[in-house]
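Written below as structure tokens is the structure these notes are about.
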Amino acid sequence: MTPEELLPQVYDQLRKLAAAKLATERPGQTLDATALVHEAFLKLGGERDFASRSDYLQAAAQAMRRILVDRARARNAAKRGGGGQQVELESIHLCTPISDHEIEALDEALARLATTHPQPAQLVQLRYFGSLKLAECAEVLGVSPRTADTWWAYARAWLAVELKDS
């Protein structure tokens, strides 16, 4: 299915997810939920087909991640202050606002995790950047909730160690 066919089916869900994600961002954002969904839609392009709704949601979460990371990098490039910041991962989920430096550090660490453990990295992307619940992530990734829980625990621990070193 093309993005044009899938967007009407998932638009409300994507908008709610984007609103939830933006609610955890620092105040003063110029990007709203509707704009984030539309920008993600444009980033996905019209020439790519998706096998299922789950595939589209994964791609949309990744597109939203890229958009938010790119915006953070642009703001940091303008400031060029501070060095590597640490990101504290909560034991339940990532929901607190983090700075632009922290979001860059998280993105870089997530990219490193994806090279060795792509499934837990996808789960973090869906949880954090897609604002999905753990059960929803399990469904999207096609795994059991227990497997998703195991991946989530592993990814949190791995990222906590990785981000303390940066």
Members of the stretch 29-39 that are assigned to a helix (DSSP H, G or I) and surrounded by fewer than 14 Cβ atoms within 10 Å (Cβ to Cβ): Thr34
The one condition in (1) touching a helix residue (DSSP H, G or I) at 6+ places or on another chain (Cβ under 9 Å); (2) assigned to a loop (DSSP other than H, G, I, E, B); (3) of a type in the set (A, V, I, L, M); (4) within 23 Å of Pro120 (Cβ to Cβ) that Ala59 fails to fulfil: (2)
Residue that is farthest from Ser52 (Cα to Cα) [pool: residues in the stretch 140-165 that are loosely packed, with under 15 Cβ neighbours inside 10 Å and in contact (Cβ under 8 Å) with a residue 24 or more places away in the chain]: Lys164
Residues being of a type in the set (D, E, K, R) and closer than 15 Å to Lys21 by Cβ - total across the stretch 110-151: 3
Single unsatisfied condition, Leu42 versus (1) surrounded by 14 or more Cβ atoms within 10 Å (Cβ to Cβ); (2) within 23 Å of Ala74 (Cβ to Cβ): (1)
In the stretch 129-139, the residues that are without any contact (Cβ under 8 Å) to a residue 40 or more places away in the chain and surrounded by 21 or more Cβ atoms within 10 Å (Cβ to Cβ): Cys137, Ala138
Residue in the stretch 8-20 that is farther than 23 Å from Leu141 by Cα, among the aliphatic types (A, V, I, L, M) and without any contact (Cβ under 8 Å) to a residue 40 or more places away in the chain present: no
Residue identified as of a type outside the set (A, V, I, L, M, F, W, C), buried (at least 18 other Cβ atoms within 10 Å of the Cβ) and either in a loop (DSSP other than H, G, I, E, B) or in contact (Cβ under 8 Å) with a residue 60 or more places away in the chain (or both) among Arg65, Arg26, Arg48: Arg65
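FYI, it's all coordinate maths here, none of it is from the lab. Only a predicted model underlies this, so the values are computations on that prediction, with no experimental measurement involved. Here Cβ is always computed from backbone atoms with ideal geometry, including for glycine, and neighbour counts include all displayed protein chains.
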